[in-house]
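Note sheet for the following structure.
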Amino acid sequence: MSIVLFQILSVIAATSTALLAGIYFIFHNTVMIVLAEQDGIKTMNRINQVILNKTFLLIFMLSPLSSLLMLAIGLAEGLLTFHSPLLYGALLAILGFLITIRFNVPLNNSLALVTDSDRNVWEHYLVHWVTWNSRRFYLSIIAGAAIVGGFVF
């Protein structure tokens, strides 16, 4: 039973982490570039309101939770070794989640308090948010690939 649960959690972790990588990618590749060309405070605040929906939150929470459970079961049952790509993929997925909670969310919360167009606030937000978004994008894409790679190797 634990092998089946481990495999199910691995698929959920790979899928949800890859979906998050796609979301982070679109911000990395397009959205933030366009918003940087203008005073994007109002638009970014609206995006931050809209993205907090059931679908996003489900995917956002599934990635670290399934990764954590996969790690716990895999290590407890001897299904993971320290040479397994699954182990490192799960750890990277959890790290991407922690980056979001520690850096991106507080930046979003601070921006939500801004009511006027303030170029200095916007530029500070852009530099820091984009930096952390890029890191979580790369971590998520590597994590998803590592988990999938764990099925193959």
Of the residues in region 32-41, those that are part of a helix (DSSP H, G or I) and touching a residue at least 40 places away in the same chain (Cβ under 8 Å) come to M32, L35, A36, I41
The residue from A72, A93 that alone is in a helix (DSSP H, G or I), of a type in the set (A, V, I, L, M, F, W, C) and touching a residue at least 40 places away in the same chain (Cβ under 8 Å) is A93
With the condition kept exactly as written, say whether any residue in region 22-30 is among the aliphatic types (A, V, I, L, M), under 30 Å from D116 (Cα atoms) and in contact (Cβ under 8 Å) with a residue 12 or more places away in the chain. yes
Among residues of region 107-126 being exposed (fewer than 13 other Cβ atoms within 10 Å of the Cβ) and either under 22 Å from the mean Cα position of the chain (by Cα) or in contact (Cβ under 8 Å) with a residue 24 or more places away in the chain (or both), the residue farthest from M44 (Cα to Cα) is R119
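Rule-based calculations on the coordinates, nothing more; no lab input. What you see is a predicted model; the values in this text were computed from it and never measured. Note that each Cβ is placed from the backbone with ideal geometry, even for glycine, and that neighbours are counted across all protein chains shown.
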